[in-house]
Amino acid sequence: MLVIKVGGSALSDKATGKMHTRQVASNLAKELGNEKAVLILGAGFVGHTLAKKYGLRRLSNNQKEWALLKHAVDKVENSFVELLVNYGLAPFPLSLPSLFTLHNGSISWFNGKIIRGYLEKGFLPVLHSDAPLDVKLGVSILSGDKAAVEIANYLGADIVFGTDVDGLLDKNRKVIKAISKAEAAKLDFWKVNDVSGGMENKINEALKAKGKVYIINLRKPGMLKAVIAGKNPGTLLF
Ligand SMILES: Nc1ncnc2c1ncn2[C@@H]1O[C@H](COP(=O)(O)OP(=O)(O)OP(=O)(O)O)[C@@H](O)[C@H]1O
Ligand SMILES: [Mg+2]
């Protein structure tokens, strides 16, 4: 069983906004086979642009801006789900704010039963990074990375972080084939590679995963299939 974070970087080009939903949906449809999976979509270009524009960190008389963000990411999810349905899968969108609450950005409550229930009934649950209630901040952002780790730990699943890069890159931009979580915790080259903090945050979340974590390029045909076949086409964090 896999929890697949369909990264915003896979779905959209963060610099230009160009969407790659069709390619990613096609890869998923062709490669998932009978593997049970939960999909968590990232915010990507649309979400990150709006969150930055409105400075969305907490609730402060900015309900309309939060609603705009929610609506924009919902639309991306809808178009992705439409593609999956057309490819013959059985995606079933579930709402992350109905399943999680937060305390200052950390998960304070999570109900995984609903996700497990839909999985067991043969659906492909789909969620996206979202804005659950936060007892300190009113609402705040729950990243797809953090949600993916929590859900995978609950289900006993491995995680695939699908991005637009072939894996975790070293200082010379070469893919690190395999690295233990203990070693990954010591990596210190982020400031060179990662202005947005995207990959550094992802690795920090991945360290909390109980199972294996794969980082692959979800736009490239074949990488997900290789993971499902028990291979390691990108980076394996163990
Ligand atoms: N050492 C590194 N190895 C791999 N990618 C890196 C590294 N440093 C920085 N990056 C960048 O991190 C990005 C992935 O993080 P990012 O948060 O942008 O993607 P995502 O999580 O898929 O998107 P979203 O947050 O919208 O879901 C890659 O596109 C890459 O450009
Ligand atoms: Mg990210």
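Annotation: lysines with alpha-carbon distance below 17 angstrom to LYS212 (same-chain offsets under eight excluded): LYS5, LYS36, LYS146, LYS177, LYS181, LYS202, LYS225, LYS231. For the chain, the dipole from Cβ point charges (+1 on Lys and Arg, -1 on Asp and Glu) about the Cα centre works out to 240 debye, to the nearest 20. Secondary-structure-derived ellipticity at 222 nm for the chain, considering helices only, amounts to -11000 deg cm²/dmol, per-run term -39500 (n - 2.57) for DSSP H runs with n ≥ 4. Our coupling estimate for the stretch 221-228, obtained by passing each phi through the Karplus curve with A = 6.51, B = -1.76, C = 1.60 and θ = phi - 60°, is x, x, 5, 5, 4, 5, 4, 5 Hz, Gly and Pro reported as x. Candidates LEU168, LEU83, ALA10 compared by Cα position along the dipole of the chain: farthest toward the positive end lies LEU168, with charges placed on Cβ.
According to the calculation over all Cα-Cα pairs in the chain, the P(r) per 10 Å bin from zero is 8, 34, 39, 18, 1 %. Annotation: extensible slack from ALA67 through ALA90 equals 5.5 nm (criterion: 0.36 nm per residue apart, minus Cα-Cα distance). Within the accessible surface of the stretch 2-237, defined with a 1.4 Å probe on protein heavy atoms only, the carbon and sulfur portion equals 53 percent. Listed peptides 161-168, 136-143, 47-54 appear in the order 161-168, 136-143, 47-54 once ranked by packing, highest mean of other Cβ atoms within 10 Å at the front.
Accessible area per residue for the stretch 71-175 is 45 Å², calculated with a 1.4 Å probe on protein heavy atoms, without ligands, DNA or RNA. The distance separating the Cα centre of the stretch 124-177 from that of the stretch 40-57 comes to 15 Å. Given their separation in residues at 0.36 nm each and the Cα-Cα distance between them, SER98 and LEU207 gain 36.7 nm when the chain is fully extended. When peptides 107-113, 213-219, 149-155 are sorted by average Cβ neighbour count within 10 Å, with the highest value leading, the order is 213-219, 149-155, 107-113.
Under the criterion of Cα pairs below 8 Å and six or more residues apart, the relative contact order for the stretch 2-237 equals 24 percent. Its convex hull of Cα atoms gives the stretch 137-191 a direction-averaged projected area, equal to a quarter of the hull surface, of 5.8 nm².
The values are calculated or read from the model by the stated rules, or taken from the named source; none is laboratory data. The shown structure was predicted, so the numbers you read here are calculated from the model rather than taken from an experiment. So basically every Cβ, Gly included, is an ideal-geometry build from the backbone, and we count neighbours across all protein chains shown. Keep in mind that these areas ignore ligands, DNA and RNA; they rest on the heavy atoms of the full protein, side chains included. Shrake-Rupley method; radii C 1.70, N 1.55, O 1.52, S 1.80 Å.
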